[in-house]
1. Would chain A count as rounded, prolate or oblate if I go by the C-alpha gyration tensor, calling it rounded below 1.5 in a/c and otherwise prolate when a/b exceeds b/c, oblate otherwise?
2. So which residues in region B:40-64 end up with at least 40 square angstrom less accessible surface once the other protein chains are there, compared with the chain by itself, probe 1.4 angstrom?
3. Cβ under 15 Å from residue A:201's Cβ, residue A:201 left aside: what net charge do those residues give with Lys, Arg +1 and Asp, Glu -1?
4. Among DSSP beta bridges lying fully in region B:18-160, give the percent that are antiparallel, nearest 5.
5. Just from its helices, what would the mean residue ellipticity at 222 nm be for chain A, if runs of 4 or more DSSP H residues each count -39500 (n - 2.57) and the sum is divided by every residue, rounded to the nearest 500 deg cm²/dmol?
6. Using a Cα-Cα cut-off of under 20 Å, which lysines could be cross-linked to residue A:7, ignoring same-chain neighbours fewer than 8 residues away?
7. Order B:41-52, A:107-118, B:291-302 from most to least packed using the mean count of other Cβ atoms within 10 Å.
8. What FRET efficiency comes out for residue B:192 versus residue B:243 if R0 is 41 angstrom and r is the Cβ-Cβ distance? Round to the nearest 0.05.
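The values are calculated or read from the model by the stated rules, or taken from the named source; none is laboratory data. This is a predicted model, so every value here is computed, not measured. Cβ atoms come from the backbone with ideal geometry, glycine included; neighbour counts cover every protein chain shown. In case anyone asks, the SASA skips ligands and DNA or RNA and just uses the protein heavy atoms, side chains included. Shrake-Rupley method; radii C 1.70, N 1.55, O 1.52, S 1.80 Å.
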Amino acid sequence: MELTADKIKELVVKPENKVYAKTPLLTDKTLSYCPGCGHGVAHRILMELVEEMGLENDTIGIAPVGCSVLAYEFMNVDMQEAAHGRAPALATAIKRLWPGKFVFTYQGDGDLAAIGGNETLHACNRGENITIIFINNGIYGMTGGQMAPTTLPGMRTSTSPYGRDTHMMGNPLKMTEIVAMLPGTYFVTRQAVHTAKHARKAKKAIKKAIEVQLEGKGTSFVEIVSNCNSGWKMTPVKANQWLEENMLDYYHLGDIKVDGKLVKEIV
Amino acid sequence: MGELRLMKGNEAFAEALIRAGADGYFGYPITPQSEVIEYLMAEKPHERTGMVVLQAESELASINMLYGGAGAGKKVATSSSSPGISLMLEGISYMAGAELPCVILNVQRGGPGLGTIQPSQSDYFQATKGGGHGDYRLLVLAPASVQEMSDFVPLAFDLAFKYRNPVMILSDGVIGQMMEKVELFDPIPRWTDEEVIEKNGDWATVGKRPGRERNIITSLDLDPYSMERHNHDLFAKYKKMEEEEVRWEELNTEDAEYFIVAYGSASRISQKAIDLARAEGIKVGLIRPITLYPFPYKVLQEKVQKGAKGFLTVELNMGQMIEDVQLAVKDNAKVEFFGHVGGVIPTPEEVVEALKTKIIGG
Ligand SMILES: Cc1ncc(C[n+]2csc(CCOP(=O)(O)OP(=O)(O)O)c2C)c(N)n1
Ligand code: SF4
Ligand SMILES: [Mg+2]
């Protein structure tokens, strides 16, 4: 018997052998992300939760401009694609006009913390009842690895080729700590997805963020410290090591605000 | 007969939004149009119709709120004045690209830059030729009275949804600030959520529905051939607007040899100028474009064919609409411009003088 791909599929793909299935809320389209990139994991977690929580027909998502600009090609729910940084403004109107829907934005660090800083601050300050998923990889992945407001001191990027000079460019912006200080936010947390353990924790956090919105409590904000192996010019494995050793040293993981109260000292 | 009220143009627009069944207004204060959001906040439309009114953190945010709301199938509007409209151009371009309906009021003031808070019509190019990046058009309505500040609101929503395109009401500080009697139209109920789904659920993000693919609102398309097609589709739509939506008004044109072409507040001044000129025996009439895009080129061409001797465009700018008048008239008759800028308002006497020196005697 010749073992063709089809034959293997026929022999192996059986309900009793199944240990994992891709949620139908991720489309079959091949992800545009680099292998090892955190965006893919974050997409999966979010869409699994939308499925598990029965929100498929009650979700409106907003994609940013950045590597995840095509998130609407992968996330199998009603989606809008915003101008760079403006996702929280879109979400504000959508949620106010459709209060019964689960409305989320999915944004990179350039999108959320640089060009969209104002929209982010004001949506959080108004306590818009939306969920913001913030993928912080410390760089502009999409445009070829330029410096972001979140780029670490000394980190080399194409626009800080000698390393981020904090005298000239200031220090990395901790948007998550900033929004946690605003009374409008109800749940603020920082997570990561570079290991299975971290991804499981992140999933729990995003679930809580969704629940907070469904209960109408205010803004829920989940930062995911992520990697960008292409932009960082590292192998995927090296990038995850670097993330662990450098990013997490600056961007401490864990909940910052729970039930509307700060649970961590902000430094 | 509808309810009669004495109102400012800005207030009439705001009241008309509530009556037209708008779902949301998002705006940022700027003179000379802040009465719009002030009136709305005072009226508590949320209690009257359930309409959402929100003061945004900037015009950038307001227009992107419109993008979100329109993309979710709802009737949304904003208003601003010239510097604020400049900030909105990003969102307007995205909305034109993503084919989203909305109503945007521009109560123009003078520029460039911070310019002046006085009335102006110097955003004509910006409104009618695109304004933001990319090839696109807005459907542009130019009210000339407080009555039209009200009447054009339901019309603008109808056109916006008919063509799935942003509609701009291009007003100016005179029309926005002046008070006139206005007959308000009877309220049109807001669409229920079910009606929104029924009317717009095939394209808008109203939440996935069993039996249809997800809906996507985007202006992005990285495939050059598909993007080229999209641009052609947009222009097919604009062509249809050019064929079906041209609106204008004529006054004293039956026997006219000369024509003043003016819109908005300049057309009101020109009306008076025509009375003065007619009293002196000058056969002059007014052509008032109501849609600035699509522009009534054919109306002007017909006047040329019937032997028009000259056209004077009167604008509160340095001469912008005159380029469209020239496009229509070409070298077949005289076309001249008269206007003031910076908040200086032309007088009817000056207009008559310009007609005599630039067109008749010139
Ligand atoms: C108004 C505007 N300015 C600049 C750009 C170019 N641009 C596209 S994505 C991007 C940065 C994205 O970085 P980030 O948000 O961190 O997302 P990532 O790709 O890292 O996930 C920039 C500057 C744009 N599309 N629009
Ligand atoms: S460039 Fe960076 S952020 Fe973008 S897909 Fe590749 S690894 Fe991910
Ligand atoms: Mg980034």
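1. Taking the square roots of the gyration eigenvalues as a ≥ b ≥ c, chain A is oblate.
2. The answer is B:52, B:54, B:57, B:64.
3. Spelling it out: positives minus negatives among the neighbours equals +4.
4. Looking only at bridges with both residues in region B:18-160, the antiparallel portion is about 10 percent.
5. Only helices count here, giving -9000 deg cm²/dmol.
6. Once the sequence-local lysines are set aside, what remains near residue A:7 is A:18.
7. In decreasing order of mean packing, B:41-52, A:107-118, B:291-302 become A:107-118, B:291-302, B:41-52.
8. 0.75
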